[in-house]
Amino acid sequence: MANIPEHVLSEYERLKDELNQHNHRYYVLDDPAVPDSEYDRQMRLLQDLEQRYPTLLTPDSPSQRVGGVALTAFTQVRHDIAMLSLDNAFSDAELEDFDRRIKDRLNYAAQEQAPEIEFACEPKLDGVAVSLLYLDGLLVRGATRGDGMVGEDITANVRTINSIPLKLVGENIPELLEVRGEIYLPRAGFDALNAKAINAGDKTFVNPRNAAAGSLRQLDSKITASRPLEMCAYSVGQFQAQTKPDTHLAMLSALRNWGFKINQHVEAVVGVADCQDYYSRLAERRDSLAYDIDGIVYKVNDLHLQQRLGFVAKAPRWAIARKFPAQEEMTKLLDVEFQVGRTGAVTPVARLEPVFVGGVTVSNATLHNGDEIKRLGICIGDTVIIRRAGDVIPQVAKVILEKRPANAQPIVFPERCPVCQSSVRRAEGEAVARCSGGLFCGAQIKQAIKHFASRKAMDIDGLGDKLVDLLVDQNVIFSVADLYDLRAEQLVGLERMADKSAANLVAAIESSKQTSLAKFLYALGIREVGEATSQTLANNFGSLEAVAAADADQLLEVDDIGPVVARHIVNFFRNPDNVSIIEALRAAGVNWPDIDQNAQVSQPLKGQTWVLTGGMEMLSRAEAKDRLQALGAKVAGSVSAKTSQVVAGPGAGSKLAKAQSLDIPVMDEAEFLLFLNNTE
């Protein structure tokens, strides 16, 4: 090719080869080797070269393809109307260019008062595109997109998905209707699916999109039926009826009336500025949704204008996708460190080459435990995919084995605690390995003291993590009981400790002596015994002596306490070191009122789980929690299918959204106060 530098030709061929391999892995094998963000970057580089050197462009370029080669395991289906992909916008400027191109093609510049374009905006669901064909209202075929022209017949599988109607309902049903939509796996279903796979020792899915794709390509439809897949309709292909809606939103409304699920966040806006506003609003809500989205799709709402605008070779001129920042990125594993927690759990932490993902720069990620290291097959030096969604701790989702260097080093789980050199042991049936050093281990002592002093436990104001580290490192304290022997003169002179701050801390420690049985039990840091379980133990046994004397059978009679928790409680109070610390705390003056078992009020909310979210204006969150627990309710920190009721104050976010998606009853603060007054 004349006038094209050799290094450009070489780079172009490399990009073509890599992108074709990525397409094969993504569309055919459902096993992508790189995150979407890396694929998009490579595609952009390829397209830039083709624009600068037009003679490079050949029919086999990945930029000229919609998807990948169709699977041969299913019967092939040829789409009468191609299922094309969308062009992408990665910035406000590119979205403005899209708007300008539409206006130019419609010749709006020649009009004295050119109208703004009305766009239909909808979340871009991260799943699998499908085509559903209905004849006289009956589902006769389901097909994947495949390469855009030829897909796979997955009729038996789509028939198992409850959100796909087998027979259309309502009025004015078309004689022939081809519905296009996205089949996806909600996050809760994805988590449950992977948890089941881990328990069975099977391979897990990287993300919900791959789980959905893997579920749809099962030859046995019973497997597909066991997966909690959903589908949202987003457009129509073939359509034969006496009348047809004039707008995209009207078409979606008709589909809803015929029995299809339509995304609740679809709306019409006028002008590119409102499109940008919609993008910002959805970006803020992204992490609170019950499913993954990777961007926004903008479509000209007027179907007649869509027809006038037409198509380019691989995409419609009237639609574009605006991508969100990636939640998956590729980076390198530089090292693995092992941290020791309050209960002795030894946790491997991946040290990563810093990478920007999910809106933040990530340099660490959890590897959970030895089983996870083995399952991933990960080595130091590997290239890995990091996934971060919302506030979830970054995780290593996958290892790119093709990029493993020759000098990659296996990760060796320590046999000795990295802090105290005690042996590391793993109990039968548990995934977590633990240091056997107990309170002899400096890491466990520090974490135990930090937990003991935390707000939900003894609430010792001013005793921060750095100060605890300093006190332990300088051998000032050796256990939680030593806190109550601290004197101001011991503290003065320590880093950031002057006379006043030292006096304030001693006063806070003194004040913490007056507590409640539930808070004291929680402060002790018994494994698997959180706030709710501590409150349950206090309510059921009434005194610390009764809890300490209870055997496993007595504990199992208490609601929400199973065999594992019962064993941890019994073991804790049978440990002489723990008993001596409790005795020292009581001798130092730590006290609480016992609960009169005979005087306890009725508990009408016993067996119910409540969740508080958002702000509280008329009572504090702690007070609301105490009043609910006094009525017998368990107050949880997250919403699940087991949640009985949600109380949503001002500023409620993801928990409210999840409650609404699960149809869980929600009341505001005023309704909550009225309920309490009528119940107590």
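Details
- Among the residues listed as Val270, Val266, Val312, the single one being aliphatic (A, V, I, L, M) and buried (at least 17 other Cβ atoms within 10 Å of the Cβ): Val266
- Only one entry of Asn257, Asn199, Asn207 meets the criterion of being surrounded by 21 or more Cβ atoms within 10 Å (Cβ to Cβ) and of a type in the set (S, T, N, Q), and that entry is Asn207.
- Single residue of Arg159, Arg145 found to be assigned by TED's automatic domain parsing to the domain that holds Leu229, buried (at least 21 other Cβ atoms within 10 Å of the Cβ) and among the basic types (Lys, Arg): Arg145
- Near pairs, Cβ below 9 angstrom, 6+ apart or cross-chain, from the range 423-446 (within 27 Å of Ile477 (Cβ to Cβ) and at pLDDT below 85) to any residue that is surrounded by fewer than 16 Cβ atoms within 10 Å (Cβ to Cβ) and among the basic types (Lys, Arg): Ser436/Arg425
- Matching residues, the range 642-660, being at pLDDT 85 or above and assigned to a loop (DSSP other than H, G, I, E, B): Lys642, Thr643, Ser644
- Any hit, the range 168-176, residues being among the charged types (D, E, K, R) and under 30 Å from Val206 (Cβ atoms): no
- One residue from Met497, Met458 being aliphatic (A, V, I, L, M) and within 27 Å of Asp577 (Cβ to Cβ): Met458
- Taking the numbered list (1) crowded, with 17+ Cβ neighbours inside 10 Å; (2) in contact with a Lys or Arg (Cβ under 6 Å, 6 or more places away or on another chain); (3) among the hydroxyl-bearing types (Ser, Thr, Tyr); (4) not in a strand (DSSP E or B) in turn, Ser131 passes all entries but (4).
- A Cβ distance below 8 Å, combined with a sequence gap of six or more or placement on separate chains, defines the contacts here; from the range 241-263, residues that are in contact (Cβ under 8 Å) with a residue 24 or more places away in the chain and at negative phi reach residues that are assigned to a helix (DSSP H, G or I) and of a type in the set (D, E, K, R) in the pairs Ile262/Arg256.
- Selection status of Asp559, outside any helix (DSSP H, G or I), more than 23 Å from the chain's Cα centre (by Cα) and of a type in the set (D, E, K, R): yes
- For the range 336-350, the set of residues classified as of a type in the set (D, E, K, R) and surrounded by 15 or more Cβ atoms within 10 Å (Cβ to Cβ) consists of Arg342 only.
- Out of Gly607, Gly589, Gly562, sole residue that is closer than 20 Å to Gly530 by Cβ, at pLDDT 85 or above and surrounded by fewer than 16 Cβ atoms within 10 Å (Cβ to Cβ): Gly562
- Any hit, the range 287-307, residues being assigned to a strand (DSSP E or B) and aromatic (Phe, Trp, Tyr): yes
- Screening Ala448 against (1) in contact with a Lys or Arg (Cβ under 8 Å, 6 or more places away or on another chain); (2) loosely packed, with under 15 Cβ neighbours inside 10 Å leaves a single unmet condition, (2).
- Only one entry in Ala315, Ala321 is closer than 26 Å to Val34 by Cα, out of contact with any Pro (no Cβ under 6 Å at 6 or more places or on another chain) and at pLDDT 90 or above, namely Ala321.
- Residue in the range 37-49 that is surrounded by fewer than 15 Cβ atoms within 10 Å (Cβ to Cβ) and at pLDDT below 80 present: no
- Residue in the range 360-379 that is modelled with pLDDT of 90 or more, assigned to a loop (DSSP other than H, G, I, E, B) and within 18 Å of the chain's Cα centre (by Cα) present: yes
- Selection count, the range 526-555, where residues are surrounded by fewer than 17 Cβ atoms within 10 Å (Cβ to Cβ) and either in contact with a strand residue (DSSP E or B) (Cβ under 9 Å, 6 or more places away or on another chain) or at pLDDT below 90 (or both): 3
- Residue match in the range 387-395 (condition: assigned to a loop (DSSP other than H, G, I, E, B), surrounded by fewer than 16 Cβ atoms within 10 Å (Cβ to Cβ), of a type in the set (Asp, Glu) and touching a residue at least 12 places away in the same chain (Cβ under 8 Å)): yes
- Subset of the range 322-347 (residues that are assigned to a loop (DSSP other than H, G, I, E, B) and either closer than 30 Å to Lys299 by Cβ or aromatic (Phe, Trp, Tyr) (or both)): Phe324, Pro325, Ala326, Gln327
- Hits in the range 240-256 - residues which are in a loop (DSSP other than H, G, I, E, B) and over 22 Å from Val270 (Cβ atoms): Ala241, Gln242, Thr243, Lys244
- As a summary of the residue check, Thr55 satisfies the conditions (1) at pLDDT 85 or above; (2) β-branched (Val, Ile, Thr); (3) surrounded by 18 or more Cβ atoms within 10 Å (Cβ to Cβ) except for the one numbered (3).
The values are calculated or read from the model by the stated rules, or taken from the named source; none is laboratory data. As the structure is a prediction and not an experimental result, all values here were calculated from the model. For neighbour counting, all protein chains shown are included, and Cβ atoms are generated from backbone atoms with ideal geometry for every residue, glycine included.
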